[in-house]
Structures are given as C-alpha cells and as structure tokens.
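Remarks on the structure that follows.
What follows draws every value from the coordinates through simple rules; no lab data is involved. The structure presented is a predicted model; accordingly, all values stated were derived computationally and were not measured. When we count neighbours, we look across all protein chains shown, and the Cβ atoms used for this are built from the backbone with ideal geometry, even at glycine.
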Amino acid sequence: MQINLDSGWLHNVRHLPSPNCNERPEGLVVDLLVIHNISLPPGEFGTPHVDAFFTNTLDHSIHPYFEGIAHLKVSSHCLITREGEVIQYVPFHKRAWHAGASSFGGREDCNDFSIGIELEGTDFVPFTLVQYQVLAEMVKLIQAAYPAITTDRIVGHSTIAPERKTDPGPAFNWTLLGTLLSVGQSYD
Ligand SMILES: [Zn+2]
C-alpha cells in the first residue's frame with residue numbers, strides 16, 4: 001500500500017468511488033482517525049452488501065434489516081475485510097460520511113476533520129489478525145500523510161458518538177493495534 005497524496009487514493013487496493021462525500025471545510029486540518037465496524041446483514045461476513053450500501057445501490061428487498069438502512073447515504077474512506085482486503089470509497093482529502101452526529105475535543109461533526117476506517121465485523125466477534133496488520137499498515141501511511149493524527153487521536157466511533165454508537169466494540173483489541181503501530185518506531 002501507498003498513498004498518492006495528490007489524488008488521496010491508496011495504491012494497490014480496490015477503488016469503489018462513493019458519491020457519499022463532499023469537500024472538507026477549507027483550511028481545516030485532518031487530525032482524527034475513527035475506527036468502525038460494519039457487516040451486512042450484521043454478523044454475516046463476505047457479502048457484497050457493504051459495497052452496495054456505500055454506493056447507494058443496496059437492494060432493501062434482500063433482507064429485512066436493509067429496509068431500515070437502504071435510504072441512508074453513508075460512506076467511509078476505507079473498509080478492511082476479514083481477509084485483509086482493502087476497499088477505498090472516498091479519497092482521504094475528501095469528507096466521507098461515516099461519523100454522523102459526533103464530537104471530539106469539543107468540536108462537533110467529526111466528518112469535517114477525520115478519516116473513517118471500517119473493519120468488516122461486529123462488536124463481539126474477534127477481528128482477524130490480518131485485519132489488525134492491514135489496519136496498522138494503513139494507519140502508519142495515513143499518519144505519515146496527516147501527521148496531526150497522532151496515535152492518541154485514533155478513536156472508536158463509540159468515543160465520538162457515545163449515545164448512538166457502540167462500534168468498534170469490545171471485540172476490538174486496542175492494545176494489539178497499539179503494539180503493531182509501535183513496531184518499527186524509533187525510541188531514541
Ligand atoms: Zn461506526
């Protein structure tokens with residue numbers, strides 16, 4: 001993986017552009033990274049429905065759960081599947097619609113200043129090792145491109161929208177992510 005800083009797209013990942021994005025407010029520094037989980041239907045992995053959901057092509061007749069969400073217009077910058085495949089929907093310099101009503105550090109509407117990454121999963125099923133490995137690799141690239149995203153500014157959706165959201169949930173191993181992020185860093 002590599003980030004093309006001009007285009008905002010990762011190299012060597014699948015690109016599926018979502019219309020659910022817009023420009024960030026001018027002059028705003030991207031300084032937050034938000035981790036989510038998603039699976040559609042919830043708890044079913046390996047389906048094509050997240051791609052459809054993020055591109056407004058989800059067929060609500062496929063599953064009862066979809067009737068409640070098919071009208072939503074949402075996206076994230078990237079999804080990491082259970083197998084570690086990366087799909088990018090929105091270039092990083094654009095404003096993806098992943099956080100919804102949210103606040104961090106007294107600032108509202110985290111979509112303005114954050115990058116959103118989804119892991120295919122649920123709150124209670126352990127994520128796969130390769131998901132953490134790919135996430136850590138991606139976070140390091142993002143931090144190199146957006147140095148204001150210090151490691152203490154990597155948060156869960158539940159942190160910025162505690163009354164509405166629970167993801168990435170108790171199954172997400174923050175300690176493992178921290179360990180993987182520190183590998184290869186110099187302490188001298
Ligand atoms: Zn979320």
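The residues of the range 69-93 that are more than 17 Å from Thr122 (Cβ to Cβ) and loosely packed, with under 15 Cβ neighbours inside 10 Å, listed by number, are His71, Leu72, Lys73, Glu85. Take the conditions under 27 Å from Asn173 (Cβ atoms) and β-branched (Val, Ile, Thr) and apply them to Thr47. Does it pass? Answer is yes for this residue. Here is the figure for the range 137-160: residues that are among the small types (Gly, Ala, Ser) and within 16 Å of the ligand (Cβ to nearest atom) total 2.
How about the range 93-124: which of its residues are in contact with a strand residue (DSSP E or B) (Cβ under 6 Å, 6 or more places away or on another chain), more than 12 Å from the ligand (Cβ to nearest atom) and closer than 30 Å to Glu44 by Cβ? Residues satisfying the conditions are Lys94, Arg95, Ile115. Take the range 121-140 and flag every residue that is assigned to a loop (DSSP other than H, G, I, E, B) and among the aliphatic types (A, V, I, L, M). Answer for the range 121-140, where residues must be assigned to a loop (DSSP other than H, G, I, E, B) and among the aliphatic types (A, V, I, L, M): just Val125.
Does the range 63-73 include one or more residues that are out of contact with any Lys or Arg (no Cβ under 8 Å at 6 or more places or on another chain), small (Gly, Ala, Ser) and within 16 Å of the ligand (Cβ to nearest atom)? If you could, list the steps in order and put the result at the bottom.
The first filter runs over the range 63-73 and keeps only residues out of contact with any Lys or Arg (no Cβ under 8 Å at 6 or more places or on another chain), leaving 63-73.
Within this subset, residues satisfying the condition of being small (Gly, Ala, Ser) are 68, 70.
Right, trim to within 16 Å of the ligand (Cβ to nearest atom) and you get 68.
Yes, there is a match, as at least one residue in the range 63-73 is out of contact with any Lys or Arg (no Cβ under 8 Å at 6 or more places or on another chain), small (Gly, Ala, Ser) and within 16 Å of the ligand (Cβ to nearest atom).
So which residues in the range 43-75 are closer than 18 Å to Ala99 by Cβ and not in a helix (DSSP H, G or I)? Lay out the reasoning, then the answer.
Just the residues of the range 43-75 that are closer than 18 Å to Ala99 by Cβ, to begin with: 50, 53-54, 69, 72-75.
Selection gives Ile69, Leu72, Lys73, Val74, Ser75.
Among residues of the range 94-110 that are in a strand (DSSP E or B), those with a beta-carbon under 6 Å from a residue that is surrounded by fewer than 16 Cβ atoms within 10 Å (Cβ to Cβ) at least six positions away or on a different chain give the pairs Arg95/Asn22. Contact map, the range 42-57: residues that are on the phi > 0 side of the Ramachandran plot and surrounded by 15 or more Cβ atoms within 10 Å (Cβ to Cβ) paired with residues that are basic (Lys, Arg) and assigned to a loop (DSSP other than H, G, I, E, B), Cβ distance under 8 Å, separation 6+ or inter-chain. Pairs shown: Asn56/Lys73.
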